[in-house]
Amino acid sequence: MASNVSFGVLGPVEAWAWDQPLHLGTPQQRAVLAVILLNEGRVTSTDEIVEALWDGEPPAGATKTVRTYVSRLRAVLEPAGAAIETAAGGYLLRTSPQTLDLARFHTLVTAPVGDRTEQARQALKLFRGEPLAGLTGAWAETQRARLTYLRAAALETRFAAELDSGHHTDVIAEITGAIKEFPFRERLRELHILALYQSGLRAEAFAAYRTVLELLDDELGVAPMPELQQLHQRMLEGDPTLTPAQQLPAPEAEPRQLPPQTPAFVGREALVAELTGLLRSPDKPVLIGIEGLAGTGKTALAVHVSTLVRDDYPDGQIFIDLGGSGDRPIDPATALQHLISHFGVQEGAVPPQTSCRTQLWRNLLAQRRVLVVLDDAASSAQVELLLPDSPGSAAIITGWRRLDGIPGLHTTTVGVFPPDEAWRFLEQSTQAGRLSRDPQPVNRLIALFSGHPAALGIVAGSLAADPRTTAADAERRFRHEFGDGGDFAEVERLIRRPYTQLQPGTQQAIRLLAGLDLRDMSLDTVAHALDVSHNRARHLMTQLREVHLVEENGPGRYRLLDLIRFTCRRWSLESDEQRTRDAVLRRTAGYFATMSALATSGTFTPSPLALDMGPAARAWLQAESRNAGMIVAQAATHERDRRGTPQRSRS
C-alpha cells in the first residue's frame, strides 16, 4: 500500500503525514523506529532492537516491551498508510527516497549523472540538525557518528564541485566553518588551501598548510596525506593549472519575449486582479504557480497577466516552454542556457556546468526587474534552478501537476469556466446574437464539456468555420462524437497525459468510479465502491487530485467533471472486464441502499465514526439522498438490461 508518511532520521527522529508531524511517543519508541528506518527497507530482528535499546543489558521482558512499542507506533502510522510489517522474526518498514530522508540523501550523493554541486547542496539540506537528536546510548552514538561522517563527505563533495565551477572565493568562509566542526578531515583542509590559493590569497594558503602540518604532528604524530603534500608542492612550483578561469562578464540586453495574447481571453477577472496585484508590489522575488487540468487556459492566463504588468518589469520579459506535457521535458541546464541567451550571452560563452549557469543566470537578474514565464513545467524540481532569487524580479510557472516544495510560491488552480464565462467565450467566436437565438443547445454543449475551455474552443471553431451551423447542429455532432462514445481525440488528449502518469491501480480506480452515476462522492463511497480501506481511498483521491482529474468540492468529497467521466468511462469499457464493472456498481448500490435504510430506520451509525443518530442520519441524507437515488436507478437499469427485461410503461 502506498504511504502518505515520510520519515526523518537526519535530525530528530520524526514522521509526517500530509506534511503534518506525527506524535511518535517516548524516546524509546522513537529509538525503535530509528533502528527499523536505518535498515532502509531490510528486515530488522527483534534482537537487534533489544541490543540497540538496552546496550546489550536488556531487562526481563524486553521482547514484550519491543512488541508494545511497535504496536504503539503502528497505531500512529497505519491510519496514514505506513505499515510496520512483521516478517521473518522481526519488523519491516518499506521506505524509498520519497519517504525517508536518508534514502533520499544516498540517491543524491551517488547519482551517476547530474549537477554535483546542486545534488550535494540538496543532500545537505536534508540534515535538520544533529542526526538522531534526542536518542541516547551506545547504539545511538555509533549511528550518529556514521551519519555525521556521511554529512562531512557530502560537504567535501559540494566544496570540490564549487571549486570546479570557479566559486573558490564564495566558499572560503563555509569551508572554514566546516573545518571547525571537522578539524581532522584532511580533504577539507586540502579544499580550504586550494580555495585560498585560487582566490589569490597565496600567503594564507601556505599558512593554512603549515597549520594542518603542525596539527597532525602534534595531535596524531602523522604526516599529511599524499594529496595534501602534492598540492603544497604544486603551489611551491607555481603550477599554472591551479589558476582558475576568469569569470564571464554579463552583457546588457532587455529581452521582450512574451507571445501574443489569446484574442478571445475572457473571464477570470478576480484571479487576474489578484495576480496582477501580487506582481505589482514585489518587495521580494514574486513566484506564482498556475495549476490545472490541461486545456483550462493556464498559459493564456499567464500571458494575459504578464502583458498587463510588463511595464512593471522594464528590464525584460521572457517566456520559455519547458515541455512538461511531452515525453521529454527540457532539463534545467538546457533551460538555463535558453534563458541566459535572451540577455545576449553567446552560446560558446555559457559555462557547461549547471551550477555555473545558475549562478550566471541569477547574476544577470540581480539589480534588474525581469518577469519570467516558465510554461508547462513537469515538476517543481525542473524549475527550482530557474527561479529568480533577488527582489524586483518575478516568475510565473504553469503546469498540470501540483507544484509542491517551492518556498514562497503563491499557487492558484485554474478550473473550468462557469456557465456565464463559457457563454461569453463562445459568443466571442460567433456573430453577435447568433447563439442567443437558440440558447438551450448552447447550455447543453457547455454542460456536455463541463465548461472546459479547450473543449469549448473546438466547439467555437466549428461554429465559426461555417456560419450556417446552428447550435443545435453542433450539439448533435459533438454529442455523437464525444458524449455517446465516439472517438473525440482532441478532448481525449487533454486527459490522457495526466492519466498516463498515474500508477495502474489509480488509473483503474478513476475508470471504475467514472462508471457510476454520482454527482460527487465521499471517501466512504469510494472505499465501498472499490472495496478498499479508507486510507487507500484517501490515497487514491489524493493522487487523482494532484493531477487535477478530480476536484475536491467539500471536505472529503470529490467530483469528476462530466468531460473526464465520459472519457474514463469509455476507457473502462475498453480495459476493464464486465464483471469488474458490475461488482463496483453492485457494491455501491448496496452501500447506498443499506445506509439509506439505516438512516430512515432510526438505527443509523455512519462509517467510520459513530455520531448521534438523529443529526448523523439527517446529515447523511442531506449529503447523499440525490446520489442514492441516482445509483439505485442506475443499478436497476443495469439489471433490466442484463436480464433483457423491458421497462414497464406507466399509465
(message) Being farther than 17 Å from residue 7 by Cα and buried (at least 16 other Cβ atoms within 10 Å of the Cβ) is the filter here; which residues of segment 75-91 pass it?
(response) 90
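A quick yes/no check of all residues on (1) under 24 Å from residue 326 (Cβ atoms); (2) buried (at least 23 other Cβ atoms within 10 Å of the Cβ); (3) of a type in the set (Gly, Ala, Ser); (4) touching a Lys or Arg at 6+ places or on another chain (Cβ under 9 Å):
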{"residue": "376", "(1), (2), (3), (4)": "yes, no, no, yes"}
{"residue": "379", "(1), (2), (3), (4)": "yes, no, yes, yes"}
{"residue": "384", "(1), (2), (3), (4)": "yes, no, no, no"}
{"residue": "405", "(1), (2), (3), (4)": "yes, no, yes, no"}
{"residue": "409", "(1), (2), (3), (4)": "yes, no, no, no"}
(request) Out of the residues in segment 97-134 that are part of a helix (DSSP H, G or I) and acidic (Asp, Glu), state the one that is nearest to residue 40 (Cα to Cα). (result) 101
(request) Could you identify the single residue in 107, 117 that is surrounded by fewer than 19 Cβ atoms within 10 Å (Cβ to Cβ), closer than 21 Å to residue 384 by Cβ and either polar (S, T, N, Q) or at pLDDT below 90 (or both)? (result) 107
(request) Pull up segment 529-565, narrow it to residues that are over 23 Å from the mean Cα position of the chain (by Cα) and surrounded by fewer than 22 Cβ atoms within 10 Å (Cβ to Cβ), then point me to the one that is nearest to residue 448 (Cα to Cα). (result) 562
(message) So, in segment 174-188, exactly how many residues are basic (Lys, Arg) and surrounded by fewer than 14 Cβ atoms within 10 Å (Cβ to Cβ)?
(response) 1
(request) Among the residues of segment 51-74, write down those that are of a type in the set (A, V, I, L, M) and more than 24 Å from residue 22 (Cα to Cα). (result) 60, 62
(message) Suppose we filter 563, 502 for residues that are under 21 Å from residue 413 (Cβ atoms), touching a residue at least 24 places away in the same chain (Cβ under 8 Å) and in a helix (DSSP H, G or I); which single one remains?
(response) 563
(message) Name the single residue that is nearest to the chain's Cα centre (by Cα) among those in segment 497-528 being at pLDDT 85 or above and over 26 Å from residue 593 (Cα atoms).
(response) 502
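Just to check your reading of the model, which residue among 72, 94 is under 23 Å from residue 539 (Cα atoms), in contact with a strand residue (DSSP E or B) (Cβ under 8 Å, 6 or more places away or on another chain) and either in the same structural domain as residue 125 (by TED's automatic domain parsing) or surrounded by 15 or more Cβ atoms within 10 Å (Cβ to Cβ) (or both)? I'd like the intermediate steps shown before the answer.
On the way: 72 fails: in contact with a strand residue (DSSP E or B) (Cβ under 8 Å, 6 or more places away or on another chain).
Within the list 72, 94, the selection yields 94.
The values are calculated or read from the model by the stated rules, or taken from the named source; none is laboratory data. Nothing here was measured: the structure is a model prediction, and the numbers come from that model. Note that we place each Cβ from the backbone using ideal geometry, even for glycine, and neighbour counts take in every protein chain shown.
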